[in-house]
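Engineer: Sharing a structure here in structure tokens format.
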Amino acid sequence: MPMIYVEGRDSFEAEEGKKLVLNLEDNGIDILHRCGGNAKCTTCRVEILAGDAGPIGEAEATILYAKGLSDSNIRLSCQIRVHTDLTVKPIMTAADSGMEPGNRPQD
Ligand code: FES
């Protein structure tokens, strides 16, 4: 089982193949997903501090470029399927933003 390390928070065993956003939320990590996991809002973005988040898809690359998020370590957690250990830092949270997280992304 891959491990997810969240900067400043706990670490936990992730479910391999499951979206990172769901692995985070289901393990008590505050993360937004305002568009429901459709690569539209970028509120689920995380900084990848260590590990291989896998290749970036066209939809993810397009919205990150459109929003001016050009740092290659910034990824959308709704577009990542966990397959190895990762160290991540959520960037937007419900607690910080005052927003509701959004609809749960599909598995
Ligand atoms: Fe909206 Fe990931 S881009 S939830």
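Engineer: Taking 10 °C and 1.306 mPa s as the conditions, I'd like the Stokes-Einstein D for region 1-52 in µm²/s, using the Kirkwood hydrodynamic radius from alpha carbon pairs.
Structural biologist: Using the Kirkwood radius from Cα pairs, D works out to 136 µm²/s.
Engineer: Trypsin sites (Lys or Arg not before Pro) within region 13-93: which are DSSP loop residues with at most 12 other Cβ atoms inside 10 Å?
Structural biologist: Hits after loop and neighbour filter: Lys67.
Engineer: Another question, if that's okay. Expressed as a rounded percentage, what relative contact order does the chain have, with Cα pairs under 8 Å and six or more residues apart?
Structural biologist: It comes to 41 percent, rounded to a whole number.
Engineer: Compute the separation of the alpha-carbon centres of region 7-23 and region 36-87 and state it in Å as a whole number.
Structural biologist: One Cα centre to the other: 14 Å.
Engineer: Continuing with this model, one more query. So what is the calculated 222 nm ellipticity per residue for the chain, using -39500 (n - 2.57) for each DSSP H run with n of 4 or more, over all residues, to the nearest 500 deg cm²/dmol?
Structural biologist: So the helix-based figure for the chain works out to -4000 deg cm²/dmol.
Engineer: Only Cα pairs within less than 10 Å get springs; with that Gaussian network setup on the chain, which residue of Gly51, Gly17, Gly68 has the largest fluctuation?
Structural biologist: With Cα springs under 10 Å in the chain, the top fluctuation among Gly51, Gly17, Gly68 is at Gly68.
Engineer: Just the number: Rg to Rh for the chain, Cα atoms, Kirkwood Rh, two decimals.
Structural biologist: Rounded to two decimals, Rg/Rh equals 0.92.
Engineer: Carbon and sulfur together cover what percent of the accessible area of the chain at a 1.4 Å probe radius?
Structural biologist: Carbon-and-sulfur percentage of accessible area, whole number: 45.
Engineer: Compute, for the chain, the length of the dipole vector about the Cα centre, with Cβ point charges of +1 (Lys, Arg) and -1 (Asp, Glu) only. Units Debye, rounded to 20.
Structural biologist: Numbers: 11 positive and 17 negative charges, 82 e Å.
Here the chain has a charge dipole of around 400 debye.
Engineer: Might you tell me the accessible area per residue for the chain, computed with a 1.4 Å probe and given in Å²?
Structural biologist: Per-residue value: 53 Å².
The values are calculated or read from the model by the stated rules, or taken from the named source; none is laboratory data. Since the structure is predicted, the reported quantities are computational estimates derived from the model, not experimental observations. Using ideal geometry, Cβ is built from the backbone for each residue, glycine included, and neighbour counts are taken over all protein chains shown. Quick note on the areas: whole protein, heavy atoms, side chains included, nothing else; ligands and nucleic acids left out. Shrake-Rupley method; radii C 1.70, N 1.55, O 1.52, S 1.80 Å.
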